[in-house]
Amino acid sequence: MALLTQAIKGTQDTLPKDSYKIRFVEQTIAEIAANFGFKEIRTPVFEHTELFNRSVGDTTDVVQKEMYTFDDKGGRSITLRPEGTAGAMRAFLEHGLFNEPLPQKVFYQTSCYRYEKPQAGRLREFHQFGVECFGTDSPAADAEIISLASEIFGFLGVKDLELQINSIGCPTCRAEYQNALKSYFASRKDELCGTCLDRLDRNPMRILDCKSPVCSEIAKGAPTVLEFLCDECKAHFDMVQKYLKVMNIDFVVNPTIVRGLDYYTKTVFEFVSQGIGSQGTVCGGGRYDGLAEELGGNHVPSLGFAMGMERLMLVLEAQGIELPPEEKCNLYIAPAGENASLKAAELVTALRQEGIYALFDTVGRGIKAQMKYANKIGAEYVVVLGDNEIESGKVELKNMESGKVTEMSLATFADDFSGVSIQQSVAKLSDEFSSSDLSNVDLSAILGGSF
Ligand code: ATP
Ligand code: MG
């Protein structure tokens with residue numbers, strides 16, 4: 001029976017105490033992405049399995065071990081998306097977006113599914129913010145998406161992330177590199193793990209990615225991809241770095257980054273945190289110039305990245321970054337009796353139409369218990385509404401923080417309270433604008449609430 005009240009291993013619920021934070025981060029990210037010209041795309045949570053085999057690549061861990069694949073009732077092989085690029089590229093090709101002005105720049109905030117060993121920062125259902133930029137081979141585009149990720153981290157106040165970049169070349173120069181790798185690792189064959197032995201034939205670059213201590217030690221002595229880049233790939237990589245420099249983005253070149261996915265070409269990059277344990281890669285991306293053709297389309301040089309939202313939240317937490325607090329109930333109306341309850345219902349309706357966060361008792365509590373409740377939820381103002389108030393047409397508005405009480409007319413209450421609330425929000429905002437920490441200003445402005 002415990003199964004009924006237990007989420008599946010590797011999945012997690014987001015409860016109200018946390019969901020507003022994630023919503024804030026997602027909203028902030030979407031707004032920053034919009035400033036870079038990225039528009040939202042939504043694609044189905046499942047696709048034909050073949051799409052992922054092709055686009056993620058069937059020598060990758062994702063395809064070989066991690067996909068949630070099943071036959072549907074019509075006998076089709078279906079897979080829950082392990083990542084977002086394949087679906088976005090499929091949609092780009094299917095809907096002929098290549099006929100629209102290029103580049104086409106899309107983003108998504110979506111769930112992904114991978115059968116992995118659950119641990120901190122590694123789940124079976126997780127969420128990604130991802131961007132894809134279709135239809136440009138310019139290094140300016142590589143730098144632009146990196147600067148988008150960097151801008152997001154900067155805006156949120158994340159400090160300890162290191163940007164690592166590399167180039168893995170194009171199919172031409174990579175072939176030569178793969179050969180060099182193959183002979184290097186073949187010479188240490190007896191020491192490699194079982195998985196890497198298999199990789200040795202199928203895709204030796206993947207050995208560089210192996211997490212086993214022995215293999216990663218051996219990988220340290222392997223030839224690096226940068227020595228094998230052709231002139232074009234080298235020039236591209238140099239230009240990316242030039243752009244990053246003028247954009248004031250710090251980076252290190254790390255020739256061991258190869259990324260887990262087969263369709264990457266040229267630039268690859270990761271943003272890595274030291275503060276959240278071994279699953280430190282918060283964002284990874286790069287170019288995939290060969291993907292559109294792999295899926296039967298024309299040549300569409302493209303690139304993108306994906307950011308793990310759970311890992312990002314872990315980083316924010318680890319660094320003690322404060323997000324704006326949850327919006328507080330502006331007004332709680334505490335009615336005593338049926339008549340008052342009906343009046344309260346009328347009032348909150350009018351107030352909510354003005355965008356005010358207003359509540360009234362929907363439980364049937366007595367006044368004392370209602371006051372306790374209003375206190376607990378942190379209501380900013382409370383009004384008690386009984387037969388006396390309805391008869392006299394006057395109510396007392398209590399400011400819960402200062403204890404100050406203001407008498408107001410019941411007839412014009414909704415309008416008058418909207419005025420009070422707006423004034424208060426303006427005062428609060430101008431307070432924050434005069435504070436020295438600029439990053440707080442924007443945060444509160446976005447969450448500002450009632451107007
Ligand atoms: P890793 O090396 O950590 O397994 P990856 O190369 O498999 O990462 P990508 O496919 O590039 O990851 O996915 C992009 C981002 O999505 C990662 O950098 C990470 O932040 C996040 N991510 C990937 N897999 C998971 C997971 N199982 N749980 C939570 N986040 C994940
Ligand atoms: Mg992985």
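The values are calculated or read from the model by the stated rules, or taken from the named source; none is laboratory data. Just so you know, these numbers come straight off a predicted model, no measurement behind them. Every residue, glycine as well, gets a Cβ built from its backbone with ideal geometry; the counts of neighbours run over all protein chains shown. Note: accessible area is taken over every heavy atom of the protein model, side chains too, but ligands, DNA and RNA are not part of it. Shrake-Rupley method; radii C 1.70, N 1.55, O 1.52, S 1.80 Å.
Per residue, the accessible area of the chain comes to 51 Å², computed with a 1.4 Å probe over protein heavy atoms only.
Compared with the dominant principal axis of the Cα atoms in the chain, helix 309-318 is inclined by about 70°. All C-alpha to C-alpha distances of the stretch 137-245, sorted into 5 Å bins beginning at zero, yield P(r) values of 2, 11, 19, 16, 14, 14, 13, 8, 2, 0 percent in whole numbers. Taking every DSSP helix (H) stretch of at least 4 residues in the chain, weighting each as -39,500 (n - 2.57) and dividing the sum by the residue count yields a mean residue ellipticity at 222 nm of -12500 deg cm²/dmol. Across the chain, the relative contact order, built from alpha-carbon pairs under 8 Å that are at least six residues apart, equals 14 percent. Here the stretch 7-146 yields Rg over Rh of 0.99, to two decimals, using C-alpha coordinates and the Kirkwood radius. Of all beta bridges that DSSP places with both ends in the chain, some 80 percent have antiparallel geometry. According to the Cα-based calculation, Rg over Rh for the chain is 1.09, with Rh computed by the Kirkwood formula.
For a straight C-alpha distance cut-off of 15 angstrom, the aspartates and glutamates reachable from LYS189 (same-chain residues fewer than eight places away being disregarded) are ASP198, ASP201, GLU217.
Remark: for residue pairs LYS21/LYS372; LYS376/LYS404; LYS21/LYS343; LYS17/LYS117; LYS9/LYS328; LYS368/LYS404, the C-alpha separation exceeds 29 Å in LYS21/LYS343; LYS9/LYS328. Between ILE377 and ALA318, what FRET efficiency follows from the Cβ-Cβ distance if R0 is 41 Å, with the result rounded to 0.05? Calculated value: 0.90. Translational diffusion of the stretch 86-143, estimated by Stokes-Einstein from the Kirkwood radius over alpha carbon pairs at 4 °C in a medium of 1.567 mPa s, is 96 µm² per second. Using the Cα gyration tensor of the stretch 236-299, with a ≥ b ≥ c the square roots of its eigenvalues, what is the shape: rounded (a/c below 1.5), prolate (a/b larger than b/c) or oblate (neither)? Oblate shape, in that a/c is at least 1.5 and b/c is the bigger or equal ratio. For the chain, with all protein chains in place and a probe radius of 1.4 Å, 50% of the accessible heavy-atom surface sits on carbon or sulfur.
If you look at the Cα atoms of the stretch 240-353, you get an Rg and a Dmax of 25.3, 74 Å.
Seen from every direction in turn and averaged, the convex hull around the alpha carbons of the stretch 227-267 projects onto 3.5 nm².
Exceedance of the 29 Å cut-off in Cα-Cα distance is limited, within the set LYS105/LYS182; LYS65/LYS159; LYS245/LYS266; LYS182/LYS211; LYS73/LYS211, to LYS105/LYS182; LYS65/LYS159; LYS73/LYS211. Per residue, the convex hull spanned by the Cα atoms of the stretch 106-200 measures out at 184 cubic angstrom.
Centre-to-centre, using Cα atoms only, the stretch 83-137 and the stretch 15-67 are separated by 5 Å.
Seen from ALA219, the other residues with C-beta closer than 12 Å to its C-beta sum to a net charge of +2, counting Lys and Arg as +1 and Asp and Glu as -1.
Kirkwood hydrodynamic radius for the stretch 287-330: how many Å is it when counted over pairs of different Cα atoms? Its Kirkwood hydrodynamic radius stands at 14.2 Å.
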